[in-house]
Amino acid sequence: MKGLSEVLAPEARRPTLSLDVARIREDFPILKQQICGRPLVYLDNAATSQKPRQVIDAITRFYSEDYSNIHRGVHTLSQRSTQAYEAVRTQVQHFIHAAEDREIIFVRGTTEGNNLVAFGYLRPRLQAGDEILISGMEHHSNIVPWQMLCEEKGARLCIIPFNDDAELLFDEYEKLLNSRTRLVAVTHVSNALGTVNPIRRIVEHAHRWQVPVLIDGAQAIPHLAVDVQALDCDFYSFSGHKLYGPTGIGVLYGKASLLESMSPFQGGGDMIASVTFEKTTYNKIPHKFEAGTPNIAGVIGLGAAIDYVQSIGIEAISAYEEELLAYATREILKIHGVRILGSAKEKASVLSFTLEGVHPHDVGTILDQQGIAIRAGHHCAQPVMDRFEVPATARASFAFYNTKEEVDALVNGIRTVMEVFS
Amino acid sequence: MSDLRDLYQDLILDHTKRPRNFGQLENANCRADGHNPLCGDKLTVFLDLEKGVVKDVRFQGSGCAISTASASMMTESVKGKTRAEAEILFEKFHRMLTGPQGVEFEESDELGKLVVFSGVKEFPVRVKCATLAWHTLNAALKHQSEPASTE
């Protein structure tokens, strides 16, 4: 397999605004097609991102050449599979700068990671009258697990509010922290608004109360360099499919001491040290949390995706996407009747907007007829919609394979929407 | 783009911009809430049902062009109809939008101007937008206590 690092000029790998996007796009077979007779403009990357050939090929090659079950065979294929699977664990460790590879748990995705913390960590510790603190801009996956626990235990879910620019009110956050707080769970980047939250400060203040912090990194991981030790967060969850990897695979990072103190989430094979009908001794971390045959090929695909992203460079990706977002914001605001939701100073890759007199679903359908894929709806963040008093928004979200020409197509598409409804 | 005009016909856009029978009905004796969990569209249908006849009907809520126009035209179509006639209309409307693709709908005449929604069939994800008001009407006619859902 030829990695991007081999085909790109060295300067393209440094933080620069001049990514060779034309060349990068060649790696994504799906982007070459036409939709409704127009070239596909894929701007739904916050929902899920497309897969480069390198990821698709790695999965195919793994199934064709190396596939077997892991951790339980003495035969060659099982050893190869185990080695490849565990190598990705180390790769993820380095990618997010974890201290040890046993702090990396493979899960189905961010949702399962959040639920593992809810049910594996918090549930046995939570009592009536305790509080869980989340922000007002969470995805449903970082709301509902906590509500389920609160209902069961008689605990309280407290919400950090945000201002009209979609920035968290830090003073309010400080006031909400107290001796009853048992966990802070906050998104790194808002999926509906694009806000990048000040995680380091959030963690620092929670730790003054000895409160652990879970960061939902689903939207951050494809756009920002993440260093879990620098952030000092206790848990960090993300999904592979938003990082140009396959669906059904994700990661929960947890500090080793916390993971070791936790009960298993699911029982089954691979998570045990020994089993009799009288007593089972659990395996060590990370295996304690990976019951049953995991998504082995998904892990291999995730490894290839991280390789791919690193061959371009996450800093270069961040810089390019920031420029693209600024350009899109500028251009879209030229259209009369457009309102952008989310104008935080620190913002990543998401442009959520409404058009006066037009429902976002109609925007979505009319853009689709022009080959442009965006998301229309509440983005699994209904409380955010309520906060801005809108039923839904249209959302364009960018990846490093998007171009200014595609932004222009979006802007023209929106003008067509306005014409239909004029 | 020609498909777009099939979907957003002038009649539909007219009802979107100026929905008929919009707002609460003070003397309603039946009402039902409708919800499309996929997109968050919500509406309420109010009925004044007298001796099995829809004497008056209004709706309230927020939704896309298709769902608003469909609700508006639904109110016009069922006003003055008996409960049984309204239910038959609902079933026909539903069949028009959910029947097999590429097969011409044979009961167009009976639907009158509601056939303007036949183009929605070509946009499968939007079918629920067009049927929400009708599901909600059906719930109101049946005095259901649970909110109607497109699911």
Regarding the range A:59-189, what whole-number volume in Å³ per residue does the convex hull of its Cα atoms give?
162
Give me the three principal axis extents of the range B:2-142 from the C-alpha atoms, as integers in angstrom, largest value leading.
43, 29, 26
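Just to confirm the filter: which chymotrypsin sites (Phe, Trp or Tyr not before Pro) across the range A:263-294 are DSSP coil and have at most 14 other Cβ within 10 angstrom of their Cβ? Each step should come with its number before you reach the end.
On the way: sites: A:Phe265, A:Phe277, A:Tyr282, A:Phe289; in loops: A:Phe265, A:Phe277.
Those satisfying the criteria are A:Phe277.
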Spatially proximal lysines relative to A:Lys288 (Cα-Cα < 16 Å; intrachain offsets below 8 disregarded):
A:Lys255, A:Lys279
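So if a site counts as exposed when it's one of the GluC sites (Glu not before Pro), its DSSP state isn't H, G, I, E or B, and it has at most 14 other Cβ atoms within 10 Å, what's the longest stretch of chain A without one? Numbers along the way, then the final one.
Details: sites that count: A:Glu100, A:Glu278, A:Glu346, A:Glu356, A:Glu389.
With GluC sites (Glu not before Pro) excluded where exposed in loops, chain A gives A:101-277 as its longest stretch.
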Dmax and Rg, reported as Rg then Dmax, of the range B:38-87 (C-alpha, Å)
11.8, 36
For the range A:57-310, max minus min Cα coordinate along each principal axis, in Å, sorted largest first?
58, 47, 27
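Over the range B:30-151, what is the relative contact order in percent, taking alpha-carbon pairs closer than 8 angstrom and at least six residues apart? Walk me through the numbers before you get to the answer.
Values: 193 pairs, mean separation 44.4, N = 122.
Contact order relative to length: 36 percent.
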So, with points 7 Å from each Cα along the Cβ direction, the B:Thr98-A:Leu169 label distance in nm works out to 4.5
Using Cα springs under 10 Å in a Gaussian network model of chain B, which residue among B:Gln101, B:Gln24, B:Gln60 shows the largest mean-square fluctuation?
B:Gln101
For the A:His94, A:His207 Cβ pair and Förster radius 22 Å, calculated FRET efficiency rounded to 0.05 is 0.35
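Which loop-located chymotrypsin sites (Phe, Trp or Tyr not before Pro) does the range A:376-419 contain, where loop means any DSSP state but H, G, I, E or B and the Cβ has at most 11 other Cβ atoms within 10 Å? Don't jump to the answer; show the numbers that get you there.
Values: sites: A:Phe388, A:Phe398, A:Phe400, A:Tyr401; in loops: A:Phe388, A:Phe398, A:Phe400, A:Tyr401.
Listed in order of number, the matching sites amount to none.
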Note, the range A:19-30: 3J(HN,Hα) by Karplus (6.51, -1.76, 1.60, θ = phi - 60°), whole Hz, Gly/Pro = x, goes 5, 7, 5, 4, 5, 4, 4, 4, 6, 10, x, 5
Kirkwood Rh in Å, taken over all unlike Cα pairs in the range B:49-119
13.1
How much net charge surrounds A:Asp234 when only the other residues with a Cβ under 11 Å from the Cβ of A:Asp234 are counted, with Lys and Arg +1 and Asp and Glu -1?
-1
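What is the Cα convex hull volume of the range A:212-319 when expressed per residue in Å³? Numbers along the way, then the final one.
Values: hull volume 11.5 nm³, N = 108.
Expressed per residue, the convex hull around the Cα atoms of the range A:212-319 is 106 Å³.
Counting other C-beta atoms within 10 Å, and keeping those with at most 15, which DSSP coil trypsin sites (Lys or Arg not before Pro) do you find in the range A:273-348?
A:Lys279, A:Lys284, A:Lys334, A:Lys345
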Each label point is 7 Å from the Cα along the Cα-to-Cβ direction; what then is the distance between the points at B:Asn29 and A:Gln229, in nm?
7.5
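Using Cα pairs under 8 angstrom and six or more residues apart, how large is the relative contact order of the range B:1-49, in percent? List each step's numbers first, then the result.
On the way: 36 pairs, mean separation 14.9, N = 49.
Dividing the mean separation by the residue count of the range B:1-49 yields 30 percent.
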What list of whole percents do you get for P(r) of the protein assembly as shown, with Cα-Cα distances grouped in 20 Å bins up to the one holding the largest distance?
19, 45, 31, 5, 0
What's the exposure ranking of B:Ser118, A:Ser135, going from fewest to most Cβ atoms within 10 Å?
B:Ser118, A:Ser135
Once you have a ≥ b ≥ c as the square roots of the Cα gyration tensor eigenvalues for the range A:298-422, tell me rounded if a/c is under 1.5, and otherwise prolate or oblate according to whether a/b is larger than b/c.
prolate
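Values quoted throughout were computed directly from the atomic coordinates according to the rules given, and no laboratory measurement underlies them. Small disclaimer: the values here were computed from a predicted structure and weren't measured. Please note: Cβ atoms are built from the backbone with ideal geometry, for glycine as well, and neighbour counts cover all protein chains shown.
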